[in-house]
Structures are given as C-alpha cells and as structure tokens.
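Undergrad: I'd like to ask you about the structure that follows.
Read the figures in this text as sums done on the coordinates, not as results from a lab. Being a predicted model, the structure only gives us computed values, none of them experimental. No Cβ is skipped: glycine too gets one built from the backbone with ideal geometry, and neighbour counts run over all protein chains shown.
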Amino acid sequence: SFDPEIDDPNQSFNKINQETESSGLQSDFAGKEYWEDIDQKLCDDPEFDETWKKPESLCYSVIREQEETRIEVLSWSPPLVVYRKFFTDKQVDDYLRIFKKASLEQQTVVSADGTSRSSNVRVAKGLITSAYDFPEAQSLHKTASRLIPAINFTSSEPINGLKYDTKGHYVPHYDYLKVKDITEDDNRMVTFLMVFQAANVGGGTIFPYIRTVARTKSGDAILWFNMKQNREQEPLAFHGGCPVHSGEKIISTIWVERRGQELFEAFNEDKSFSADVLLC
Ligand SMILES: O=C(O)CCC(=O)C(=O)O
Ligand SMILES: [Fe+2]
C-alpha cells in the first residue's frame, strides 16, 4: 500500500526563510572544533533541513504478511530511510537493560605510535552486544531480517552499542572501511542504526551532503547504503552523531556486508543504489 504525506511546500519554504533561534542551543563541548558550523546548525535547527522541500520525500506504509512497517524516505538515491516504531517497547527495554548492567568503555582511537587514547572525534561509550551472547540483541536481528527482506542480515558484524552522555557526539565520517585486508565483499554495504533512547535535546544523525538529519525516537531505526553499486564508497553516505545537548542517547548498529546480498548481485554500475528495493 502507499500512503503519501506531504507538508504544504509553501509553508515549509516560509519556515526555512524565517530567522531561527537555534543559537541558544549551541553549547560548548569537547571536540566542537571538528564540526562545521553549518552542520551544527543543521543538527540543532529542523527548520534548516532541506529534506521536506523535496517532492520525493514521502512516508510509506509497507504491509507484508499482515505486519506493517512505516518507512520515511529521506533520500532515494543513495537510499536513506527511517523506520518508525520498528521495535516493540519490550525489545527497547530489554536492550536498554544490558546497557544499565554493563560497564561501558570510552571509545578510543589508535595513535601513530600504536597506543590507544580517547578522542574528541567520537565522544561516546561502546559495548559489543553480539546476537550469540545476548538474546536481547538476537531479537533485534531477527526483527530486522523479517521486516527488511531485501537485505540479508546474516553477513553482518556483531551488534555494536553506543551510549552518548550529554555533550557526546560523533563527528561526520564514513562507515565504509579503508583498510588493506578488507575485501569489497566484506565491506559495509549497509548501516542499520537502531535507537533505544533519544536525547532530550540534540543527538540526531546528520548526513551533511544529503543536507538532512534523521531525528529519531526510541524504537525507530535508520538504514542507509555506504556503498555504490560497484562496491566503491558512496560519497553521499558521510554522516555523524549530532551533539547531545541534554539527556542521553543510546543506539546500536548492525553493519551488513556486501557478501551474500543476492538481490544486489546483478548491480555493478558506478552509481548509487535506489531505495525502491526497500519498499517491496
Ligand atoms: O550516533 C549516530 O547517530 C551515528 C553513529 C555512527 O555513525 C556510527 O556508529 O558509526
Ligand atoms: Fe557511522
């Protein structure tokens, strides 16, 4: 089925041209110098977002075997979609409970001399929650596989949890790996990002080149492609975690490899994928 919901284009045009009051929100945080001003503004001010000016930005309801998924298309090509209320409250609570129990580690980066140090590029605490060790994570994996049949979730990295405290953020980057011993087949075709707790203020997921921010709530998920059809890096998939100005944000990601993606086997051109595969 098909259920478009378009804002009045004139109304959003007017909104975008109004003076905004976002500057009051922009607090100081460690690593602020890594952020472009224009991206911080997009993070903090939904009125600055250009997505809803595009005629192709629509919401779809897809029903398969009596189960409904609500998909918001933020970009067709490359695909960037938000799944609203994808997980049940129980799934969200169960996964959050792992986080409350675990001792979290500040994410580190490796320096040139081989030592690891904390970095202000990613101010967040991580926790590997593999589907083998955690039934709560397996449940998420199963739901994703069932409701998104276009993607083969079997070939994926362990589910990676991430918690941002107030002032936490993740400077825009690519998930596509540029490491020598990684083949194109092993590389991250898709990022599936699940939201378990949204920040009170801030904390969206920004795509600077698509000029949009996915503003999600707990139970929502975001999916995008990091790869072009020919398996090279998708330039528009550059993204980051917007600064959290108040509250905490808890997410986890499944990185899906190109390996075993039968639906995409025949696609090999030097161009972006298209989101229509996600709607059937
Ligand atoms: O926090 C976000 O919204 C983005 C997280 C992210 O980009 C990542 O974990 O690779
Ligand atoms: Fe990322």
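Undergrad: Rg and Dmax of the chain, Cα atoms, in Å?
TA: Rg then Dmax for the chain, in Å: 18.5, 56.
Undergrad: Relative contact order for the chain: what is it in percent, counting Cα pairs under 8 Å that are at least 6 residues apart? Walk me through the intermediate numbers first.
TA: Working: 597 pairs, mean separation 64.0, N = 280.
Answer for the chain is 23 percent.
Undergrad: Highest GNM mean-square fluctuation, the chain, Cα pairs closer than 10 Å: which of 138, 66, 261?
TA: 66
Undergrad: Excluding residue 275 itself, calculate the net charge of residues whose Cβ lies under 12 Å from the Cβ of residue 275, where each Lys or Arg counts +1 and each Asp or Glu counts -1.
TA: Numbers: positive: none; negative: 56, 72, 276.
Residues close to residue 275 contribute a combined charge of -3.
Undergrad: Which distance in nm do the two modelled labels at residue 64 and residue 41 give, with both placed 7 Å along the Cα-to-Cβ direction?
TA: A separation of 4.1 nm, rounded to one decimal place.
Undergrad: In terms of modelled amide H atoms, which long-range or inter-chain residues lie less than 5 Å from the amide H of residue 173?
TA: Those qualifying (amide H under 5 Å, at least 5 residues apart or on another chain) are 239, 240.
Undergrad: Another question, if that's okay. Determine the alpha carbon to alpha carbon distance for each of 142/249; 125/167; 125/178; 41/178 and list only those over 18 Å. Walk me through the numbers on the way to the answer.
TA: Details: 142/249 23 Å; 125/167 12 Å; 125/178 23 Å; 41/178 29 Å.
Distance filter (> 18 Å) returns 142/249; 125/178; 41/178.
Undergrad: For a quick check, take a GNM of the chain with Cα springs below 10 Å and name the residue from 180, 163, 101 with the largest mean-square fluctuation.
TA: Result: 180 has the largest fluctuation of those listed.
Undergrad: When the Karplus curve 6.51 cos²θ - 1.76 cosθ + 1.60 is applied with θ = phi - 60°, which whole-Hz ³J(HN,Hα) does each residue of the stretch 153-161 get, with x for Gly and Pro?
TA: 7, 5, 8, 8, 6, x, 4, 10, x
Undergrad: From the phi angles alone, apply the Karplus equation (6.51, -1.76, 1.60; θ = phi - 60°) to the stretch 205-212 and give each ³J(HN,Hα) in whole Hz, x where the residue is Gly or Pro.
TA: Values per residue, Gly and Pro as x: 10, 9, 10, x, 7, 7, 6, 8 Hz.
Undergrad: Further question: Pull up all non-local amide H partners of residue 245: gap of 5 or more, or a different chain, and H-to-H distance under 5 Å with H placed in the peptide plane.
TA: For residue 245, the qualifying residues are 167, 201, 202, 203.
Undergrad: Let me ask something else about it. How high is the FRET efficiency from residue 34 to residue 274, r the C-beta distance, R0 35 Å, rounded to 0.05?
TA: Values: r = 32 Å, r/R0 = 0.91.
In this case the efficiency is close to 0.65.
Undergrad: Extending each Cα 7 Å along its Cβ direction at residue 266 and residue 184, get the distance between those two points in nm, one decimal.
TA: 1.9
Undergrad: So, one more: Which of 146, 188, 258 moves the most in a Gaussian network model of the chain with Cα springs under 10 Å?
TA: Of 146, 188, 258, the most mobile in the Gaussian network model is 146.
Undergrad: Separate question: So if each residue of separation counts as 0.36 nm, and I subtract the Cα-Cα distance between residue 89 and residue 259, what length gain in nm does that give? List each step's numbers first, then the result.
TA: On the way: separation 170, 0.36 × 170 = 61.20 nm, distance 3.19 nm.
Working it through step by step, the gained length comes to 58.0 nm.
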